[in-house]
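Reviewing the structure listed below.
The values are calculated or read from the model by the stated rules, or taken from the named source; none is laboratory data. None of the values given here were measured: they were computed from a predicted structure. Cβ sites come from the backbone with ideal geometry, for glycine too, and all protein chains shown count toward neighbours. All accessible areas refer to the heavy atoms of the entire protein, side chains included, with ligands and DNA or RNA removed. Shrake-Rupley method; radii C 1.70, N 1.55, O 1.52, S 1.80 Å.
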Amino acid sequence: MTNTALVTGGTGALGAATIAAFLAAGWRVVAPARPGSVDRLPTGAVAVPADLTDPAGAAAAAAAASADPDAPLKAVVNLVGGYGGSGLIADTPVEEFEAMFTANLRPTYLTTAAALPHLVAAGGGAVVCVSSRAAVAPFPGAAGYVASKAAVLAFAETVAVEYKKQHVRCNTVLPSVIDTPANRVSMANADHSRWVSPDAIAQTILFLASDASAPTSGARIPVYGEA
């Protein structure tokens with residue numbers, strides 16, 4: 001039987017690599033994206049126009065992911081998010097601080113909450129969230145980003161605790177610097193060879209969604225490369 005994975009953030013470099021990895025492994029992939037960005041999703045994914053900061057959008061994505069009885073929803077991969085740095089804490093407007101929670105925590109919370117009943121109904125499954133090394137090793141100048149990624153980590157561990165009896169696992173990957181075109185532009189003088197590739201992270205995510213990782217839940221998985 002084919003299984004379905006709901007993968008958010010599919011228009012980004014990591015999202016595209018993750019969708020490709022799941023498709024290659026034979027999964028049905030449902031990929032929500034904001035209206036106007038759906039055409040940027042990889043070929044082969046079931047595209048769903050949805051704003052995942054809106055409860056209705058998250059519910060629509062979860063409904064689409066669970067709509068095929070021959071391909072039950074067995075994995076949710078929360079990759080949507082963003083980065084913002086505004087200087088030191090005393091110089092950061094609270095609006096910019098809170099914006100990082102809207103970008104990083106809110107879609108992860110809403111998508112997971114909407115999908116959990118479907119995962120439970122299918123007999124269990126896996127949730128994978130993306131945090132950041134910054135959540136456990138903060139750096140200065142990006143308090144909102146650091147705090148919101150730490151919140152994602154705490155949220156994922158809460159899912160693991162609350163839903164273990166329903167056979168739903170939840171793990172988190174913590175990248176360092178991902179080797180993307182945007183990061184190469186913004187950090188042109190860095191040693192890009194030490195960064196971790198989207199494809200490498202995607203394989204880790206695929207493993208965490210698979211039955212091969214069945215004993216693992218509540219884990220913080222570092223995906224740092226050599227950075």
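Numbers at a glance
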| quantity | calculated |
| --- | --- |
| Ranked by how many other beta carbons lie within 10 Å on average, peptides 172-183, 210-221 from highest | 172-183, 210-221 |
| Kirkwood hydrodynamic radius of region 1-151, Cα pairs, Å | 15.8 |
| Span per principal axis, largest first, for the Cα atoms of region 71-227 (Å) | 47, 36, 24 |
| For the chain, accessible area per residue (1.4 Å probe, heavy atoms of protein chains only), Å² | 45 |
| Kyte-Doolittle mean at least 1.6, axial Cα span of 18 Å or more - DSSP H helices of the chain | none |
| FRET E, pair Arg194, Ala113, Förster distance 45 Å, beta-carbon r, rounded to 0.05 | 0.80 |
| Estimated FRET transfer efficiency (Glu98, Asp70; beta-carbon r; R0 41 Å; 0.05) | 0.45 |
| Region 1-157, accessible surface, carbon-and-sulfur percent (1.4 angstrom probe) | 59 |
| Mean Cα-pair separation over length for region 2-140, i.e. relative contact order, pairs under 8 Å, 6 or more apart, % | 26 |
| Once the Cα gyration tensor of region 153-196 is diagonalised, semi-axes √(5λ) in Å | 35, 8, 7 |
| Kirkwood-based shape ratio for region 73-131, expressed as Rg/Rh from alpha carbons | 1.16 |
| Å³ per residue enclosed by the Cα convex hull of region 32-103 | 112 |
